[in-house]
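Everything on this sheet refers to the single structure shown next.
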Amino acid sequence: MKRSPLDQTRVKSVLFLCTGNYYRSRFAEELFNHRAERHGLRWTAYSRGLAIERGIFNVGPLSPHVVGSLTERGLATRTANRVPQQCTRADLQAADHIVALEEAEHRPLLTERFPGWEDRVEYWHIYDVTDTAPAVALGSIADRIDLLVDRL
């Protein structure tokens, strides 16, 4: 099938999902956008939470672990002041590719809140801060981002 010129110039999007849109998905969004820009990819990322009401212990709009990890990599935080955002059906429909950061945690939320979408998502296995040290989790996300950028 021949692609139209519009398909070749349109910026595509990847949606990163986690529970609270405070830590894992926000780091993935930030890092992906920096790496995509550096590689000249016509892709952009955004992130959402599947259950932001569960983030009762989240302080401020963005995890300090995200800010610290980006700073260690010499990258500026672009969305530091944006509060976590709840995923909507429109967010899912707008994305060209969707990644949920942990299958056992996020597949049930997708099934419950967005039936039919749970099988349209690429699942990674990056555990939350309560189960994995931030340096390990964010390092794993960085590795997966590199693979995703290479693939796109």
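The values are calculated or read from the model by the stated rules, or taken from the named source; none is laboratory data. These numbers come from a predicted model, not from an experiment. Positions of Cβ are generated from backbone atoms using ideal geometry, with glycine treated the same way; all protein chains shown enter the neighbour counts.
To keep it simple, each residue is scored yes or no on (1) more than 15 Å from the chain's Cα centre (by Cα); (2) of a type in the set (Val, Ile, Thr); (3) farther than 24 Å from Thr44 by Cβ; (4) at pLDDT below 95.
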residue: Cys87; (1), (2), (3), (4): no, no, no, no
residue: Ala95; (1), (2), (3), (4): no, no, no, no
residue: His106; (1), (2), (3), (4): no, no, no, no
residue: Thr111; (1), (2), (3), (4): yes, yes, yes, no
residue: Pro115; (1), (2), (3), (4): yes, no, yes, no
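Inside segment 31-67, residues that are touching a residue at least 60 places away in the same chain (Cβ under 8 Å), under 24 Å from Ala135 (Cβ atoms) and within 13 Å of the chain's Cα centre (by Cα) make up a count of 3. In a residue-by-residue description of segment 63-71, the property of being surrounded by 17 or more Cβ atoms within 10 Å (Cβ to Cβ), touching a strand residue (DSSP E or B) at 6+ places or on another chain (Cβ under 7 Å) and modelled with pLDDT of 90 or more applies to no position. The set of residues from segment 111-137 being in contact with a Gly (Cβ under 9 Å, 6 or more places away or on another chain) and either free of Cβ contacts under 8 Å to residues at least 24 places away in the same chain or assigned to a helix (DSSP H, G or I) (or both) comprises just one member, Pro134. Taking the numbered list (1) surrounded by fewer than 22 Cβ atoms within 10 Å (Cβ to Cβ); (2) among the hydroxyl-bearing types (Ser, Thr, Tyr); (3) not in a helix (DSSP H, G or I) in turn, Ser47 passes all entries but (1). Checking each residue in segment 19-43 for being more than 17 Å from Leu101 (Cα to Cα) and not in a loop (DSSP other than H, G, I, E, B) picks out His34, Arg35, Ala36, Glu37, Arg38, His39, Trp43.
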